[in-house]
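Student: Quick one: the structure is below, questions incoming.
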Amino acid sequence: MAFSLPKNSPMLSSSFLYGVATASFQIEGGVEHRLPCIWDTFCATAGKIEDGSNGDVACDHFNRWQDDVELISSFGVDAYRLSISWPRVIKQDGTVNQQGMKFYIDLLDELNAKGIKPFVTLYHWDLPQYLEDDGGWLNRETAYKFQEYTKHVVKAFGDRVHAYATLNEPFCSAYLGYEAGIHAPGLVGKEYGKKAAHHLLLAHGLAMQVLKEFSPNTLNGIVLNFTPGYAMSDSVADQEATKKANEYFNYWYSKPIFDGEYPELINELPEENRPDIHENDMEIISQPMDFLGINFYTRARYQAHPTEMFEEIIVEGVERTDIGWEIYPQAFTDLLVDLNTRYNLPPVYITENGASIDDEIESGVVNDVRRINYYNQHLNAVNDAISQGVNVQGYFAWSLMDNFEWAEGYLKRFGIVYVDYQTQVRTVKASGLAYKKLLSERS
Ligand code: FCB
């Protein structure tokens, strides 16, 4: 099975960048060579991870990285998106852990030697635990610690990097981590979410300053995720509720960056749930960027609620991936067009997109037809957005390989490569072969 895009699609040109993506905590293991992070603590707390697992070994990428780079290279990708583990490269006293830094430098050198452009994410959720002990993202100081960490990384990496993203999905860090309690550090309370979000956005802005000064030749930006909300009906009440949900979950992160202000909804939040905004914060947050990374998986449905601002409805009878997310590629096109209308966007890269499928390996073959269909539909959705004028420059499949899927542990597989966690054997799935074919057929 193969992917098929319209013949004249710019996504079939070799100038459109393709890659695969991972994140440090999800694949590395090598836990004994770094300080603990909030996900180690969260995993050690009973009941937080579906299968009771942790990131101690994960895909053992820390020891197998050379083979993994070969694997990445075998797809013919232009780029590889990885993240840096902050507690691997910085010691508690704020100085550099040279061994940890060397791990990434060697990896980056190998990628560059193979002509693969490194897209580095500075924060994909593995906050050092010692910073959480001081309040984590509820503590404004953490944003300044992130700025220092960024400076160390950028100086050490020199010219080895093609693009830097400050944060991956601040929505997940702030909302899932500090409001819903589904992710580390697992705090629950509406009074926490937006405060954490503000400090994350501030951290992004402060890191952008450092990147501009010390790494002017890389593409510097951020990765945001969007789960576009659609109303359950045309009623004014449902439409209004959905608008609020979109402001609360989606535009909360994009509007400050592009417009230098929070969505209107901020005025409706009770005082105690609002962020603590200092003078100049919004200017720091809204500096120009070289690119916007967009992660897309699914949409959500909302309706009005008698006492809450909105209510999410899980609709029956629609097609979903194994993680329960509705398959609705039209939302991807709609989202890209919507963002392009709202903001003066820099070039866009799709930094994550993919599907969790209940894969089975039989005689060394994983025939993940449903994932192939998902990718095919979503690549075409991106193509539709491009033909409607959105400047999308690249696309990364999530993920290179099956890995630690946060609160779901190892139960959900997103890879285009199958990982046998007992043996660490990697097997390219049918979707991986289809991806490789698409990339090789570009002109
Ligand atoms: C995103 C995360 C990524 C992965 C996918 C499935 O929210 O950025 O690490 O877990 O979801």
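Just so you know, all these numbers are worked out from the coordinates, no wet-lab data involved. Note that the coordinates shown come from a computational prediction; the quantities given were computed from them, not determined experimentally. Note that each Cβ is placed from the backbone with ideal geometry, even for glycine, and that neighbours are counted across all protein chains shown.
Student: What does the convex hull of the Cα atoms come to per residue for region 1-91, in Å³?
Tutor: Dividing the Cα hull volume of region 1-91 by its residues yields 153 Å³.
Student: Hey, fewest Cβ within 10 Å first, where do ILE386, ILE416 land in order?
Tutor: Values: ILE386 18, ILE416 27.
So the ranking, lowest neighbour count to highest, is ILE386, ILE416.
Student: Take the Cα radius of gyration of region 261-408 and divide it by 2.2 N^0.38 Å, with N its residue count; two decimals is plenty. List each step's numbers first, then the result.
Tutor: On the way: Rg = 18.8 Å, N = 148, 2.2 N^0.38 = 14.7 Å.
After normalising by residue count via 2.2 N^0.38 Å, the value is 1.28.
Student: Could I have the simple spin-label model distance between GLN287 and LYS437, label points 7 Å from Cα toward Cβ, reported in nm to one decimal?
Tutor: 4.5 nm
Student: With a ≥ b ≥ c the root eigenvalues of the C-alpha gyration tensor of region 291-351, is it rounded (a/c under 1.5), prolate (a/b larger than b/c) or oblate?
Tutor: oblate
Student: Further, regarding this structure: Given labels modelled 7 Å from the Cα in the Cβ direction, how far is it in nm from ARG320 to ASP276?
Tutor: 3.8 nm
Student: So what is Rg over Rh here for region 328-443, counting just Cα atoms and using Kirkwood for Rh?
Tutor: Working: Rg = 15.8 Å, Rh = 15.4 Å.
Rg divided by Rh gives 1.03.
Student: Kirkwood Rh over Cα pairs of region 342-393 into Stokes-Einstein at 4 °C, 1.567 mPa s: D in µm²/s?
Tutor: D, rounded to a whole number, is 98 µm²/s.
Student: Label 7 Å along Cα→Cβ of SER235; region 312-342 residues with amide nitrogen under 14 Å?
Tutor: Flagged as within label range: 312-313.
Student: Can you tell which of PRO216, VAL390, ALA355 lies farthest toward the positive end of the dipole of the chain, using +1 and -1 charges on the Cβ of basic and acidic side chains (Lys, Arg; Asp, Glu)?
Tutor: Checked the options; the winner is PRO216.
Student: Report Rg/Rh for region 1-53, rounded to two decimals, where Rg is the Cα radius of gyration and Rh the Kirkwood radius.
Tutor: In region 1-53, Rg relative to Rh is 1.28.
Student: Assuming R0 = 41 Å, can you tell me the calculated FRET efficiency for the pair ASN367 and ASN344, based on Cβ-Cβ distance, to the nearest 0.05?
Tutor: The value I calculate is 0.40.
Student: Give me the number: length gained by fully extending LYS190 to GLN424, i.e. 0.36 nm times residue separation minus the C-alpha to C-alpha distance, one decimal in nm.
Tutor: Between LYS190 and GLN424, full extension yields an extra 80.2 nm.
Student: What does the convex hull of the alpha-carbon atoms of region 253-343 project to on average, in nm²?
Tutor: Mean projected area for region 253-343: 8.4 nm², to one decimal.
Student: Follow-up. Given region 64-103 reduced to its alpha-carbon atoms as identical point scatterers, what log10 I(q)/I(0) does the Debye formula return at q = 0.23, 0.29 Å⁻¹?
Tutor: With no solvent term, the Cα-only Debye profile gives -0.79, -0.95.
Student: Which value, in Å to one decimal place, does the Kirkwood hydrodynamic radius take for region 14-155 when every pair of different Cα atoms is included?
Tutor: By the Kirkwood definition, the hydrodynamic radius is 16.0 Å.
Student: Which aspartates and glutamates have a Cα lying under 13 Å from the Cα of LYS48, excluding residues fewer than 8 positions away in the same chain?
Tutor: Within the straight-line cut-off, LYS48 pairs with ASP40, GLU405, GLU408.
Student: Let me ask another. Nearest 0.05, what FRET efficiency do ASP106 and LYS155 give at R0 = 25 Å with Cβ-Cβ as r?
Tutor: That gives a FRET efficiency of 0.90.
Student: I'd like the Karplus ³J(HN,Hα) series for region 73-81: coefficients 6.51, -1.76, 1.60, θ = phi - 60°, whole numbers in Hz, and an x wherever there's a Gly or Pro.
Tutor: 3J(HN,Hα) across region 73-81, in whole Hz: 4, 5, 7, x, 6, 8, 8, 10, 9.
Student: For the chain, give the magnitude of the charge dipole about the Cα centre (Cβ charges: +1 Lys/Arg, -1 Asp/Glu; no others), in debye to the nearest 20. All intermediate terms of the calculation are to be shown ahead of the outcome.
Tutor: Working: 36 positive and 62 negative charges, 278 e Å.
Rounded to the nearest 20 debye, it is 1340 debye.
Student: Further question: For labels at GLN98 and GLU32 in the simple 7 Å Cα→Cβ model, what's the distance in nm?
Tutor: With each label placed 7 Å out from Cα toward Cβ, I get 2.2 nm.
Student: Could I ask something else about it? Across region 409-417, in residue order, what do the Karplus-derived ³J(HN,Hα) couplings come to in whole Hz, using 6.51 cos²θ - 1.76 cosθ + 1.60 with θ = phi - 60° and x for Gly and Pro?
Tutor: Here the 3J(HN,Hα) series is x, 9, 6, 10, 10, 10, x, 8, 10 Hz.
Student: Continuing with this model, one more query. Averaging over every viewing direction, what projected area does the convex hull of the Cα atoms of region 128-282 cover, in nm²?
Tutor: The orientation-averaged projected area of the Cα hull of region 128-282 comes to 10.2 nm².
Student: Estimate the FRET efficiency between SER74 and GLU141 by the formula 1/(1 + (r/R0)^6), using the beta-carbon distance for r and 51 Å for R0, to the nearest 0.05.
Tutor: For R0 = 51 Å, the calculated efficiency reads 0.70.
Student: Shifting gears a bit: Dipole of region 343-443, Cα-centred, from +1 at each Lys and Arg C-beta and -1 at each Asp and Glu C-beta, to the nearest 20 debye?
Tutor: It comes to approximately 340 debye.
Student: When the expected Rg is taken as 2.2 N^0.38 Å, what fraction or multiple of it is the alpha-carbon Rg of region 140-204?
Tutor: For region 140-204, the normalised Cα radius of gyration comes out at 1.27.
Student: Loop only per DSSP, at most 16 neighbouring Cβ atoms within 10 Å: give me the trypsin sites (Lys or Arg not before Pro) in region 60-100, ordered by residue number.
Tutor: Passing sites in region 60-100 are LYS91.
Student: Expressed as a whole percent, how much of the Cα-Cα distance distribution for the chain exceeds 36 Å?
Tutor: Across the chain, Cα pairs with separations above 36 Å total 21 percent.
Student: Whose amide H sits under 5 Å from the amide H of ALA300, counting only residues 5 or more places off or on another chain, with H placed in the peptide plane?
Tutor: The list, which skips near neighbours in sequence, is GLY229, TYR230.
Student: What aspartates and glutamates does LYS244 reach when the alpha-carbon gap must be under 12 Å and sequence neighbours fewer than 8 apart in one chain are set aside?
Tutor: GLU264, GLU268, GLU308, GLU311, GLU312
Student: As a test of understanding, state the convex hull volume per residue of region 40-81 from its alpha carbons, in Å³.
Tutor: In region 40-81, the Cα hull volume divided by residue count equals 99 Å³.
Student: As a quick test, which of the pairs LYS255/LYS412; LYS117/LYS436; LYS145/LYS195; LYS194/LYS243; LYS190/LYS212 have an alpha carbon distance above 26 angstrom in this structure?
Tutor: LYS255/LYS412; LYS190/LYS212
Student: Sticking with this one: With a cap of 15 neighbouring Cβ atoms within 10 Å, and only residues DSSP puts in a loop, list the GluC sites (Glu not before Pro) found in region 275-323.
Tutor: Loop-located and lightly packed - GLU279, GLU308, GLU316, GLU319.
Student: What is the distance in Å between the Cα centroid of region 9-47 and that of region 55-134?
Tutor: Computed from Cα coordinates, the inter-centre distance equals 8 Å.
Student: A further question on this structure: Would you please calculate the Kirkwood hydrodynamic radius of region 200-322 over all C-alpha pairs and express it in Å, rounded to one decimal?
Tutor: 16.4 Å is the Kirkwood radius here.
Student: So between ALA2 and ASP133, what do we pick up on full extension, going 0.36 nm a residue minus the alpha carbon distance?
Tutor: Full extension from ALA2 to ASP133 adds 42.3 nm.
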